[in-house]
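Below is one structure; the comments refer to it alone.
The values are calculated or read from the model by the stated rules, or taken from the named source; none is laboratory data. Everything numeric here is computed off the predicted structure, so don't read it as measured data. As a convention, Cβ positions derive from the backbone with ideal geometry for all residues, glycine included, and neighbour counts pool all protein chains shown.
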Amino acid sequence: MTPGVEPVGAYPFVRHFAGLHYVVNGTPVDDLRVLDPTSFEPVRIISFPAGSNPQDVLAVGGTAIVSFYDRATLQRFDVTSGAMIASIDLSSFADSDGLPEAGCMIRDGNHLFVQLQRLDRSPLPDVQVPGLLAVVDLATNQLVDANPMVPGTQAITLTGILPRLPMQIEGRILYVSVPGGFYDQTGGIEAVDLDALRSLGFAFVEKQIGAAQMSAFLFVSPERGYFVHHTDLTQSSHLVSFSRPTGSFLQEHFVSFGGVERLAYDSTTGQIYFPDNDPTTHGIRVFDATTGTQLTTLPIAVGLPPADLAIARATPTDSPSGARLRIWTAPNPTRGPVMLFWESPAVSSLRWVLVDARGRQVRSWSNEARFWDGRDAGGSPVATGVYYLSVTGDARSQASTTIHVLR
């Protein structure tokens, strides 16, 4: 097999949206390339000022939003013409060096969440401050105030210091990788309430799940997650599984002598893709997500050591899932039973799943239940906290909401 390749920069980040590949090239290339997946030829190249260091891209309805590490703005472009549509000012979130150091982004409906590291790179002694998540209204290209009780427009303040790498949404919770330093184990996976726009603190900490320094992570089921962590005695990257209900280490599945910082999960096949960039044995390795067993005897050769990867399947739209099914609850917050309401076209059966803020399944049920009694699967009242209720119907329709329980 001969890999089909298209030249990109030394620090690429790849995404796939609505049938097109998007490759962000950091400094010194500083551009965005939109590729035709059938030929890998660019259909659009958007160049940025030298040294702007683009970090991530997210496509929304024929436009592309780009974040920059060395500029204090987000920029939105028309993919067809390459023209800039909007510039979103992030300078109010900058630290003493004047830059907020924007990184990875993720979309939830009409909200865009942007990681801000606020890494002080001035000549003065480094002052570490908590990381932020800026929230942008995609309909207006304006910042959303995450805390109206404080003057000005506020971002979401994180517990951790340096948020980085791709994020993941489950139900109404956003999970963010916020690593600590080597072996200090002060970081982990932080949880953010998407409705309240506030951090819930660390759902999993590096020390608990056995990470020297966490990198990429994936949740593949309510019971199981994976992460990559690094050691600094020798440069190595370890693929490890952990238990979500207990937050404990399960097993180490693979070690690469390269700096791996990406993972990809294909929920259709139940497989994890690991970009092994070991200088001597590089390629893509595939693992069974249920067991962690490696399915590749030898890595899949892709030419050079892989830096990033994305699951690419043609989709008719880039609209977020859940548009065909809507649910809500009352009362909320609640001290007792909760009534359940939904709107959906011709759904014959429903499956409901309730999880807590750490992603642990509390209870599940099927069919058209009209209320939840506030109890877990064992019949005990659940504790005070935030819970995430998701429902799946037929035709791949799904939706979710947050329930705040008070005791």
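So Val57 ticks every box in (1) surrounded by fewer than 17 Cβ atoms within 10 Å (Cβ to Cβ); (2) in contact (Cβ under 8 Å) with a residue 40 or more places away in the chain but one. Which box is left unticked?
Just one mismatch for Val57, condition (1).
Tell me yes or no: at least one residue of segment 158-178 is touching a residue at least 12 places away in the same chain (Cβ under 8 Å), hydrophobic (A, V, I, L, M, F, W, C) and touching a His at 6+ places or on another chain (Cβ under 7 Å). Can you show your working first?
Applying the first criterion (touching a residue at least 12 places away in the same chain (Cβ under 8 Å)) to segment 158-178 yields 158-178.
In the following step, the residues that additionally are hydrophobic (A, V, I, L, M, F, W, C) were identified as 158, 161-162, 165, 167, 169, 173-174, 176, 178.
With the extra rule that they be touching a His at 6+ places or on another chain (Cβ under 7 Å), the set shrinks to none.
There is no residue in segment 158-178 that is touching a residue at least 12 places away in the same chain (Cβ under 8 Å), hydrophobic (A, V, I, L, M, F, W, C) and touching a His at 6+ places or on another chain (Cβ under 7 Å).
Kindly indicate whether Val29 is at pLDDT below 95, among the β-branched types (Val, Ile, Thr) and buried (at least 19 other Cβ atoms within 10 Å of the Cβ).
Spelling it out, Val29 is indeed at pLDDT below 95, among the β-branched types (Val, Ile, Thr) and buried (at least 19 other Cβ atoms within 10 Å of the Cβ).
Here are some residues: Ile284, Ile272. Which one is farther than 21 Å from Ala10 by Cα and modelled with pLDDT of 90 or more?
From the options Ile284, Ile272, the qualifying one is Ile272.
Considering each of Ala203, Ala211, Ala216, Ala264 in turn, give the residue that is among the aliphatic types (A, V, I, L, M), in contact with a His (Cβ under 8 Å, 6 or more places away or on another chain) and assigned by TED's automatic domain parsing to the domain that holds Val136.
Only one candidate qualifies: Ala211.
Would you mind telling me which numbered condition in (1) within 20 Å of the chain's Cα centre (by Cα); (2) over 30 Å from Gly283 (Cβ atoms) Ile88 fails?
(1)
Which members of segment 213-262 meet the condition of being assigned to a loop (DSSP other than H, G, I, E, B), among the hydrophobic types (A, V, I, L, M, F, W, C) and within 18 Å of Ile173 (Cβ to Cβ)?
Across segment 213-262, the qualifying residue is only Val220.
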